[in-house]
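**Student:** There's a structure below that I have some questions on.
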Amino acid sequence: MKDRFFRKPGFLFAVFLIAFASAAVFYAFRECWVFFPPMLRYVGGAMGIFFILLANAALALMLYALRRYGSKREYEIPFYQKKWFSVLCIVSAALALLSAAGVACILIFGGAQTVRVLLLYLKRMAPWIALVIGAAVAVVVLPACKGRKKAVIAALLCAAVVLGSVALAFPLAPYRITSDPLVLDTGSDYSIVFATSAKGTGFVEYEFNGDAYKTYAEENGRILGDRLIHSIRVPYKHLQNNTYSVGSTRVIEEYSYGSRLGKTVKSTAYSFTAPKESDAEYLVLSDWHSYVDRAFSAVSYLGNYDAVLLLGDAAAGMDFEEEAAEYIVKFGGTLTRGAMPAVFVRGNHDCRGGFADALPSYLGLESLYYTVNMGDLSFIVLDSGEDKEDGHVEYGGMNAFSQYRRQMVEWLRHTEPAGKYKIALSHEWQICEPEPELSRAAWQALADADVRFLLSGHAHECRFLHEGTEYEQTFLSAFPEIEGYIDGGISGKNYVASKITVSASGVGFLAKDTAGRTVLETHLPWD
Ligand SMILES: [Fe+2]
C-alpha cells in the first residue's frame, strides 16, 4: 500500500513543531485571554484551548514515534497503514494548521503593541521551549537516525546544551547603559533614572560646593543590584545648573558571602538645567503606547522646550521591567537628553501587569500624586488610576483604586500649591472616572486651589474639553474657571504631541502630528 505523505515521519514531526509552536505562542498571548468569548467556557476557557493545543502537539509526536518505531513485521499489515492511524494523522495535522492560522491572526491583527508584549513573554518562555524541542529530538528523532545524519544532530544538540549552560553561567551579551537619563521631579527632589541592558547597580557622580558625590541606588543600606532600571534621588540644589554622570556595575550573582560582578559602565557628563522663571516651554506627551518613533517624529516639529510632562500610557501594560525601561525611561531619556526635568503622570495602562506594582519605586517616586514647583508655576500631579470599576474583569481582581482615589482627593483638598500659576496634570480629565461624585469633588478642589488649566490625555485626540461631548460640557459648566486640555496621543499611524508655552500673560498651546501638521494653536490667559 502506498505510504501517504500525511503518514510520513518528516511530515508528522513538522506537525509536532507547528502544533507546539502554536501552543507556545497562544500561551504567550495569555494577557489577552480575558477578552476571549465567554462560550469558550465549554472547553475550559482559554486555558482549555491551550491544553488542547498542547495535547495535539503530544499526539503528533506520539504518531511520529509510532511511525518510526512501530511494528514492521512482514506477515501483517503495518498498523500505520491502518485507517485509524491515518485518521489520527489527518486530525492532528488539521488541528495544527488551524491553531497556526489562529496564532497568525493574533500576530497580524493584534498590532505591534500586542506583538511586542507577546515577544517578551516568549523570551521568558524560551528555555522551556528549547528544552521541549531538544528533548523531543534527543529521545524520539535521534535513535532512528543513522550515520552522518545522526552525528550531525547529536553534535548540534551537544552544542546547544554547552552554549546554553555557558550563557546561563557567564552572560555573553555586552553590558551597556541603554539611554540618556530621565530626571524626574518627584516634588521633593530629583530622581535620576536610567536603564541598563542587564541587571546591575546604579550610581550617580557629581561635584557640589567642592565636594565629590557618588550616590548609589540603594534601599536601607543595600545597593540594589537586581534591576534594569536604576533611580537615584538627588537634592534639587545639587543638580541645578550642574553636571553629572551615571554608571552601573553588572551583577551576575549575589551570595551571602561575596558576589560575582561584571563590567562597570559610565556615561558621559550631562549638564542639567531646570526652568526657574515663569517663562518656559513644556513638552506634553501622553498615550504613546510603545509607538515611540511616531511620538519622536511629532516632537521634532515642536522646536525647543525646557521640561517634559509625561502624561501616561507608555505601553499596553507593565507586564515586564523591560517595558518600563524602554517606553518610559529610554523614551523620557531620549526626549530630555538628561539635561532637563520631567514629570511623570501614571496612565491607566501603566497600572496593569505584574511589574505595575514596582513601577513607582523603580522610578524613585514615593507617591504618584504630588506637587512640583518650577519657578512661579506649580504642577499638581494627579493619578487617575484605572478607568473602570475595580471589579472589571480586565483587572483580574487586583485593583482597589476606588479607595486610593478617595485618599488622593482628600489629599488634594488640603493641598496648597506654592506657585503663583497652577496647572493640574491627570491622565484622565475626570480624575476619578468610575466615581462621578468623586470627580466633581476633585474638580472642586482644583477650583478651590485656583487651578486654571488641567492637562490630560487618555482620549487619544487633541482638543479642549469644552469642544467635547455633552457630558463633558455639563460637567465643565460647574467649573468655568478651569480649562481642560487633552494633549493628543497615538491614533492609527498618527501621533499628536503638544507643547505649552507658559508666561505671565497665559499659556500658549501648540500641537503637531507625526507629519508636522499643526493640529491646534492658541493662547489662553490665566484668568
Ligand atoms: Fe489611557
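**Student:** Once the other residues with Cβ under 9 Å from the Cβ of Asp383 are scored (Lys, Arg +1; Asp, Glu -1), what is the net sum?
**Tutor:** Surrounding charge for Asp383 is +2.
**Student:** Now a separate question. Mind listing the long-range amide H neighbours of Asn242? Cut-off is under 5 Å, sequence gap 5 or more, other chains count too, H placed in the peptide plane at 1.01 Å from N.
**Tutor:** Residues meeting the amide H criterion: Phe272.
**Student:** For the range 368-527, which whole percent of the accessible surface, found with a 1.4 angstrom probe, sits on carbon and sulfur atoms?
**Tutor:** 49 percent
**Student:** While we're looking at this one, here's another question. What list of ³J(HN,Hα) couplings, whole Hz, do you get for the range 249-254 from phi and the Karplus terms 6.51, -1.76, 1.60, once you set θ to phi - 60° and write x for glycine and proline?
**Tutor:** Result, rounded to whole Hz: 10, 5, 10, 7, 8, 10.
**Student:** When only DSSP loop residues count, what trypsin sites (Lys or Arg not before Pro) in the range 292-379 have their Cβ near at most 15 other Cβ atoms within 10 Å?
**Tutor:** Counting only loop positions with at most 15 other Cβ atoms within 10 Å, the trypsin sites (Lys or Arg not before Pro) in the range 292-379 are Arg337.
**Student:** Kindly flag which residue pairs out of Lys83/Lys123; Lys237/Lys330; Lys199/Lys388; Lys150/Lys199; Lys237/Lys499; Lys266/Lys512 have an alpha-carbon separation exceeding 31 Å in this structure.
**Tutor:** Over 31 Å Cα-Cα: Lys83/Lys123; Lys199/Lys388; Lys150/Lys199; Lys266/Lys512.
**Student:** Once amide H atoms are placed 1.01 Å from N in the peptide plane, what residues at a sequence separation of 5 or more from Val519, or on another chain, have their amide H within under 5 Å of its amide H?
**Tutor:** Ala511, Lys512, Asp513
**Student:** DSSP beta bridges in the chain, what fraction antiparallel, as a percent rounded to 5?
**Tutor:** About 75 percent, rounded to the nearest 5.
**Student:** Carbon-plus-sulfur fraction of the accessible area of the range 1-156, 1.4 Å probe, in percent? If you can, show how the numbers build up before the last one.
**Tutor:** Values: 6730 of 9150 Å².
Carbon with sulfur: 74 percent of the solvent-accessible area.
**Student:** Tell me the net charge near Gly506. Cut-off is 12 Å between Cβ atoms, Gly506 excluded, with +1 for each Lys or Arg and -1 for each Asp or Glu.
**Tutor:** Neighbour charge sum, excluding Gly506 itself: -2.
**Student:** Tell me, what are the semi-axes, in whole angstrom and largest first, of the equivalent ellipsoid of the range 1-112 as set by the roots of 5 times the Cα gyration tensor eigenvalues?
**Tutor:** The answer is 33, 13, 10 Å, longest axis first.
**Student:** How far is it, in nm, from the label point at Lys266 to the one at Glu467 when both lie 7 Å from their Cα along the line to the Cβ?
**Tutor:** In this crude label model, Lys266 to Glu467 measures out at 5.1 nm.
**Student:** What relative contact order, as a whole-number percentage, does the range 366-459 give when Cα pairs under 8 Å and 6 or more residues apart are counted? Each step should come with its number before you reach the end.
**Tutor:** On the way: 152 pairs, mean separation 30.1, N = 94.
The normalised contact order for the range 366-459 reaches 32 percent.
**Student:** Longest segment of the chain with no GluC sites (Glu not before Pro) in a DSSP loop having at most 11 other Cβ atoms within 10 Å? Can you show the working numbers first?
**Tutor:** Numbers: sites that count: Glu74, Glu76, Glu481.
The segment 77-480 is the longest one with no such site.
**Student:** Using amide H atoms built in the peptide plane, which far-off residues or other-chain residues are under 5 Å from Leu309 H to H?
**Tutor:** For Leu309, the qualifying residues are Leu283, Val284, Leu285, Val343.
**Student:** Given a 1.4 angstrom probe, what's the average accessible area per residue across the range 1-146, in square angstrom? Before the final figure, lay out the partial values.
**Tutor:** Numbers: 8310 Å² over 146 residues.
Dividing the accessible area of the range 1-146 by its residue count gives 57 Å².
**Student:** Send over the Kirkwood Rh of the range 118-174, from the inverse of the averaged 1/r over different Cα pairs, rounded to one decimal Å.
**Tutor:** Taking every pair of different Cα atoms in the range 118-174, averaging 1/r and inverting gives 12.8 Å.
**Student:** Counting only protein heavy atoms, what percent of the accessible surface of the range 208-328 is carbon or sulfur at a 1.4 Å probe?
**Tutor:** 45 percent
**Student:** Then there's this: For the chain, what does the helix formula give at 222 nm: sum of -39500 (n - 2.57) over DSSP H segments with n ≥ 4, over the residue count, nearest 500 deg cm²/dmol?
**Tutor:** Counting only the DSSP helices, I get -11000 deg cm²/dmol.
**Student:** If only Cα atoms are counted, what is the Rg of the chain, and what is its Dmax, in Å?
**Tutor:** Gyration radius and largest Cα-Cα distance of the chain: 28.3, 100 Å.
**Student:** Can you pull out the chymotrypsin sites (Phe, Trp or Tyr not before Pro) in the range 29-125 that DSSP calls coil and that have at most 13 other Cβ atoms within 10 Å?
**Tutor:** Answer in residue order: Tyr75.
**Student:** Moving on. Excluding Asp279 itself, what net charge comes from residues whose Cβ is under 12 Å from its Cβ, given Lys and Arg +1 and Asp and Glu -1? Please report the intermediate quantities before stating the final value.
**Tutor:** Values: positive: Lys276; negative: Glu277, Glu281, Asp306, Asp376.
Its environment carries a net charge of -3.
**Student:** Now for a separate question. Rank these residues by their accessible area, most exposed first, probe 1.4 Å: Cys89, Cys105. Could you put the intermediate results ahead of the total?
**Tutor:** On the way: Cys89 0, Cys105 65 Å².
If we order Cys89, Cys105 from most to least accessible, we get Cys105, Cys89.
**Student:** Under a cut-off of 13 Å between alpha-carbon atoms, report the aspartates and glutamates in cross-link reach of Lys214, not counting same-chain residues fewer than 8 places apart.
**Tutor:** Glu205
**Student:** Separate question: Kindly write out, for the range 476-492 in residue order, the coupling ³J(HN,Hα) from the Karplus curve 6.51 cos²θ - 1.76 cosθ + 1.60 (θ = phi - 60°), rounded to whole Hz, with x marking Gly and Pro.
**Tutor:** 5, 4, 6, 10, x, 6, 9, 9, x, 10, 9, 8, x, x, 7, 8, x
**Student:** Which ³J(HN,Hα) values in Hz, rounded to whole numbers, follow from the phi angles of the range 378-391 under the Karplus curve 6.51 cos²θ - 1.76 cosθ + 1.60, where θ = phi - 60° and Gly and Pro get x?
**Tutor:** 10, 9, 9, 8, 10, 10, 7, x, 7, 9, 10, 4, 4, x
The values are calculated or read from the model by the stated rules, or taken from the named source; none is laboratory data. Note that this is a predicted model, so its numbers are computed, not measured. Glycine gets a Cβ as well: all are built from the backbone with ideal geometry, and neighbour counts include every protein chain shown. When the accessible area is computed, the model is the full protein with side chains, heavy atoms only, and any ligands, DNA or RNA have been set aside. Shrake-Rupley method; radii C 1.70, N 1.55, O 1.52, S 1.80 Å.
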